[in-house]
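Structure first, then comments.
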Amino acid sequence: MMNNTLKAVLLTSMLPFAASAADGMSPWYVGGGVGINNYEPNCDQKTMKSCGKDDPYAWDVFAGYLFNDYFGAELGYRDLGRAEWVDYSNKLNDVGAKGMNLGLVAFWPFAGNWSLSAEAGAFNYLISNNKNYGSEYYSDSGVAPYFGAGIGYNITDNLKIQAKYRRYENLDEDKWKTLEMESNYWGLELSYRFGNKAKPVPVVAAIIVVDSDNDGVTDDLDQCPNTPTTYKVDAYGCPIFLEVESQLDIEAKFANNSAEVEKSSYGAIRELATYMKQHPNAEVTISGFASNTGKADYNMDLSERRAASVAEILINEYDIAPGRVSSKGYGITRPLMEGSSAEANAVNRRIEAHVTDLSVTPVLK
């Protein structure tokens with residue numbers, strides 16, 4: 001029989017220590033088991049005079065904590081069933097033990113989902129004997145060591161079934177000195193481990209990226225290859241362009257009260273046509289003006305005819321597309337010189353061409 005000091009050492013040595021879950025599974029599990037328990041002495045031994053009716057069915061429930069995949073601790077409650085026998089004093093013994101257990105368990109995985117186990121711990125039991133059909137009752141409590149072995153199979157990552165054998169030593173009733181017993185247990189156990197196993201992270205092959213034109217956008221995304229390195233580009237590797245507006249103003253002269261362009265102005269019109277051909281995106285607006293003589297309505301009509309005359313020269317003589325040329329008359333509304341002197345009339349009797357060229361220029365770094 002163990003003394004109190006040995007009992008205390010055995011129990012305190014079983015206390016859990018720090019652990020961590022692996023692969024996403026919780027270290028905690030719960031379970032229960034059923035089986036057959038055989039006390040010693042019992043009816044199988046020749047020391048008994050005769051046997052009564054046994055109730056050897058045992059069961060247990062437990063909770064466990066895994067320090068790692070190979071080692072853990074379990075705390076539970078066990079009922080080892082009862083046994084009856086008649087001793088040589090011709091008295092019937094009706095004996096049973098139950099109580100809390102705390103122990104350590106080790107696992108050795110093999111062959112895929114199979115594993116072997118070994119365990120050892122302390123059983124804090126209450127043992128009772130309803131002797132001689134209840135006329136005498138003896139009971140006592142104590143701590144008994146146990147050890148065991150088993151083989152298990154993981155049905156799933158969470159569910160496990162095991163076949164178990166356990167041996168209990170020193171199941172004694174010390175108070176009245178009526179019992180000194182051992183016990184053998186065989187049973188099946190089902191446990192459930194909490195958590196979900198982490199899925200493996202897929203291995204991604206290294207991707208080699210190339211930026212052939214060194215514009216900062218890799219070739220797999222670059223929609224404008226071979227872009228000059230001095231150009232700024234967008235997310236697709238294409239140059240960023242800026243629209244620039246430019247203007248060109250020329251003048252054409254007319255005789256008094258006439259919409260016919262003077263020959264001296266043809267050189268300016270020719271220069272305008274040349275510019276238009278060199279800049280295919282350019283458009284021109286011909287504006288006509290009149291001197292401050294005569295009626296305003298007449299001068300407005302005259303200025304419009306003057307503007308139209310220059311536009312026709314560009315279209316008919318220099319083959320500028322009609323869609324790129326427009327004309328408008330302003331009469332006497334925008335004079336360059338106030339008054340109706342000969343000098344003012346000569347200056348105000350004119351044509352102006354306003355050219356807009358929307359050219360696209362790349363933005364530089």
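Using the Kirkwood radius over Cα pairs, work out the Stokes-Einstein diffusion coefficient for the range 241-362 at 10 °C and 1.306 mPa s, in µm²/s as a whole number.
D = 107 µm²/s.
About its Cα centre, how strong a charge dipole does the chain have in debye, to the nearest 20, once Lys and Arg get +1 and Asp and Glu get -1 at the Cβ?
Computed charge dipole of the chain: roughly 880 debye.
Enumerate the aspartates and glutamates that Lys199 could reach by cross-link, defined here as Cα to Cα under 14 Å, with residues fewer than 8 away along the same chain left out.
Asp23, Asp157
Taking only the Cα atoms of the chain, how large is their convex hull per residue, in Å³?
Values: hull volume 115.9 nm³, N = 365.
Roughly 318 Å³ of hull volume per residue.
What ranking, highest mean first, results for peptides 106-113, 92-99, 334-341 when packing means the other Cβ atoms within 10 Å averaged over each residue?
92-99, 334-341, 106-113
Along the charge dipole of the range 138-293, pointing to its positive end and built from +1/-1 on Cβ of Lys, Arg, Asp and Glu, which listed residue (Gln223, Ser141, Ala268) has its Cα farthest out?
Ser141
Work from the charge dipole of the range 241-362 (Cβ charges, +1 for Lys and Arg, -1 for Asp and Glu, about the Cα centre) and give the residue of Ile351, Phe254, Ala307 farthest towards its positive end.
Ranked along the dipole, the leading option is Phe254.
Would you mind checking the pairs Lys263/Lys295; Lys131/Lys164; Lys131/Lys175 and listing those with alpha carbons more than 19 angstrom apart?
Exceeds cut-off: Lys263/Lys295; Lys131/Lys164.
Taking the chain as a Gaussian network, Cα atoms linked when under 10 Å apart, which of Gly134, Gly35, Gly288 shows the biggest mean-square fluctuation?
In this elastic network of the chain, the residue with the biggest mean-square fluctuation among Gly134, Gly35, Gly288 is Gly288.
Which value, to two decimals, describes the C-alpha radius of gyration of the range 140-205 once divided by 2.2 N^0.38 Å? Write down the numbers at each step before the final one.
Values: Rg = 20.4 Å, N = 66, 2.2 N^0.38 = 10.8 Å.
Cα-based Rg divided by the globular estimate yields 1.89.
With no solvent and one equal point scatterer placed on each C-alpha of the range 99-235, evaluate the Debye formula and give log10 I(q)/I(0) for q = 0.13, 0.19, 0.20, 0.21 Å⁻¹, two decimals.
-0.77, -1.10, -1.14, -1.19
Bear in mind these aren't lab numbers, they're just calculated from the coordinates by the rules spelled out. Treat the numbers as computed from the prediction; the structure is a model and nothing was measured. Reconstructed Cβ throughout: ideal geometry from the backbone, glycine too, with neighbour counts over all protein chains shown.
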